[in-house]
Amino acid sequence: MIKLHFLPIKKFKTFTVSVNIHRPLNKEDATKNALLANVLRRGCNAYPTSQEIAQYLENLYGTVMSCGINKKGEAQILYFNFEAVDDQYIPEEANLLEEILGFAKSIIFDPVVEDRGFKATYVEQEKLKLKDMIESLINNKTSYAVERCYQEMCKDEPFGVYELGNIQDIDSINEKNLYQYYSQNILSSPIDIFVAGAMDKKNVFDIVSTLFDIDFEQQLTYPTTEIVTEVMNQKNIEEALEVNQGKLSLGFRTKIAPKDEAYYALLVCNGILGGGPHAKLFNNVREKMSLAYYVFSRLEKFKGLMIISSGIEIQNYQKALDEILAQVKAVKKGEISDIEYEATINSLVNGIESLKDNAMHIIDFNLSQLVSGTDYTLDDIIQKVMAVKKEDVIKVAQNIELDTIYFLKNKA
């Protein structure tokens with residue numbers, strides 16, 4: 001269930017290794033997956049403590065490790081990332097790639113186990129940290145309002161589950177049932193290993209085939225994401241907290257999957273509507289009418305959603321809502337200026353080009369291609385964006401339908 005992806009990149013003085021474990025997103029397992037990523041990084045049999053791991057990585061010329069959980073559509077992905085100095089810049093003969101891949105294997109497949117469970121102190125400490133992380137979402141009211149809009153919008157779908165899981169489930173997890181879950185599920189999950197750098201391709205494949213049980217020809221089967229194409233009932237949700245500024249989030253169904261050819265017109269449509277200072281929402285809702293402190297739109301590409309997020313004066317709720325919807329309607333009617341269209345294309349192309357300047361961004365792009373079921377390069381995406389015409393934008397805009405209005409207001 002392991003697949004290797006080698007990305008030859010010669011422009012950096014470092015190389016990057018990323019190990020990604022795919023799990024279906026669901027309420028029952030989400031908290032365990034989020035907790036697992038942090039428990040595994042605490043120690044393996046070769047280096048059983050955080051201090052020993054830190055010392056080992058420091059001895060590898062300051063290799064940096066990060067780990068955590070990503071949500072892509074209705075999948076959770078446990079990731080373990082490593083960035084190290086390329087061997088050619090090290091004064092002595094070394095093979096850091098082999099060292100790091102061997103260490104990654106130990107962290108994931110050979111964790112510290114005591115009495116048929118993970119180390120109890122590690123699990124309890126990470127449970128407290130995970131609680132803090134989930135609770136801290138509310139401290140960023142913009143992110144909180146967007147997440148709550150998604151949760152209400154997709155209440156009966158896996159996507160409605162928060163990527164870090166549910167705080168109510170944490171107490172029921174212990175070192176034994178977490179290890180049992182790990183043994184029964186994680187080790188049989190699809191795993192993608194990315195290696196990005198200037199090393200020799202044959203050497204990379206030789207190292208990986210020696211360390212891992214891998215079939216270079218196999219195709220992995222990933223968790224799927226349902227694209228809902230019908231809005232049954234529009235939802236209006238209000239929540240009251242101690243806030244000085246109202247947070248208005250509108251959730252739309254685009255009915256378009258990332259593998260659909262229309263996705264690139266949707267990308268441009270979103271950019272024209274709320275993708276930056278050239279966009280309709282910024283120039284009309286914020287600048288001309290002063291109805292929002294901030295306002296933007298963005299796509300959740302894997303799930304076929306678009307969300308508009310804004311910070312407003314609480315008494316301006318109806319005015320702001322009406323004007324935001326008026327701008328969505330304007331795009332549907334084809335009221336798109338040459339400046340809005342051309343600035344959006346340029347902004348998207350520049351954003352895609354900038355991904356080439358960061359190895360982790362390149363890896364994440366390729367990982368997203370796998371999850372989406374597509375097989376494009378960054379240059380392919382640029383060409384597809386540049387080929388989008390105004391009439392394509394107008395056509396794709398007709399599919400966009402309001403599903404959920406979420407408003408975070410102050411307690412009376």
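Assign unit charges at the C-beta atoms only (+1 for Lys and Arg, -1 for Asp and Glu), then state the dipole size of the chain relative to its Cα centre in Debye, rounded to the nearest 20. Walk me through the numbers on the way to the answer.
On the way: 45 positive and 59 negative charges, 252 e Å.
Computed charge dipole of the chain: roughly 1220 debye.
Compute the Cα gyration tensor for region 1-129, then decide on rounded, prolate or oblate, letting a ≥ b ≥ c be the square roots of its eigenvalues: rounded whenever a/c is under 1.5, prolate when a/b is larger than b/c in the other cases, and oblate in all that remain. Don't jump to the answer; show the numbers that get you there.
Details: a/c = 2.38, a/b = 1.39, b/c = 1.71.
Since a/c reaches 1.5 but b/c is at least a/b, the shape of region 1-129 is classed as oblate.
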Across Ile308, Ile90, Ile382, the residue with the highest GNM fluctuation in the chain (Cα network, 10 Å cutoff) is Ile90
Ignoring ligands and nucleic acids, Thr229 exposes an accessible area, probe 1.4 Å, in Å² to the nearest 10, of 90 Å²
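Sorted by average packing, counted as other Cβ atoms within 10 angstrom per residue and highest first, what order do 54-63, 340-349, 326-335 take?
On the way: 54-63: 14.0, 340-349: 18.1, 326-335: 15.8.
The packing order, highest mean first, is 340-349, 326-335, 54-63.
State to the nearest 20 debye the size of the charge dipole of region 224-379 about its Cα centre, where the only charges are +1 on K and R beta carbons and -1 on D and E beta carbons.
Working: 16 positive and 21 negative charges, 75 e Å.
It comes to approximately 360 debye.
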Here, trypsin sites (Lys or Arg not before Pro) of region 359-410 satisfying both criteria (DSSP loop; at most 12 other Cβ within 10 Å) are Lys389
Taking alpha-carbon centroids only, region 296-341 lies from region 205-242 a number of Å equal to 27 Å
From the Cα centre of region 124-185 to that of region 1-68, the distance in Å is 20 Å
Under 5 Å from the placed amide H of Ala94, counting only residues 5+ away or on other chains, we find none
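The values are calculated or read from the model by the stated rules, or taken from the named source; none is laboratory data. These numbers come from a predicted model, not from an experiment. Glycine gets a Cβ as well: all are built from the backbone with ideal geometry, and neighbour counts include every protein chain shown. Note: accessible area is taken over every heavy atom of the protein model, side chains too, but ligands, DNA and RNA are not part of it. Shrake-Rupley method; radii C 1.70, N 1.55, O 1.52, S 1.80 Å.
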